[in-house]
Structures are given as structure tokens and as C-alpha cells.
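Have a look at the structure below before the remarks.
The values are calculated or read from the model by the stated rules, or taken from the named source; none is laboratory data. Keep in mind it's a predicted model, so treat the numbers as computed, not measured. Cβ sites come from the backbone with ideal geometry, for glycine too, and all protein chains shown count toward neighbours.
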Amino acid sequence: MSKRRNFSDAFKHEAVALANQPGVTLAQISRDLGISANMLGCWRRELETNGAKAFPGQGHARDEEMAKLKRE
């Protein structure tokens, strides 16, 4: 079983920007980026629906603080 890949929100925004250019298809962009067209379509819908709040990430600030404290 392969490891699930994580993409930064900057990557997602850039991928959606590329997909929104005239004359290109989701299939072309997704093939160039090595991701599925379905994933790219989901990212585009999420960005259109949620705008600046799209791609919030996983976890909570509290979880990050706990991990930081454990490292110290």
C-alpha cells in the first residue's frame, strides 16, 4: 500500500490557477503535475466554494503546540 501524499495549500492554489487558464483541460494539468484529474477538480470546487478559507490543513493549533512541547 502506498503512502498518502500531502500537498501544500500553495501547490493546490497554483494547480487550480493553471487549470483555470483558457485553452487547457483538467486532464492536461493533472497529467503534468502527476495528480488525478478528480483531485484537481475537487481542489477547484473547494477554492470556488470557500475562497480564502479553502485548504485549512489538518490538525489543530493545540496539536502543534503539544508536539512542540514534546520535542523540548
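Numbers below:
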read-out	value
Qualifying residue in segment 52-70 (condition: assigned to a helix (DSSP H, G or I), surrounded by 14 or more Cβ atoms within 10 Å (Cβ to Cβ) and modelled with pLDDT under 95)	no
In segment 21-41, the residues that are surrounded by fewer than 13 Cβ atoms within 10 Å (Cβ to Cβ) and closer than 21 Å to PRO56 by Cα	ASN38
Residues of segment 1-20 that turn out to be surrounded by fewer than 10 Cβ atoms within 10 Å (Cβ to Cβ) and either in contact with a helix residue (DSSP H, G or I) (Cβ under 7 Å, 6 or more places away or on another chain) or under 20 Å from ALA52 (Cβ atoms) (or both), as a count	1
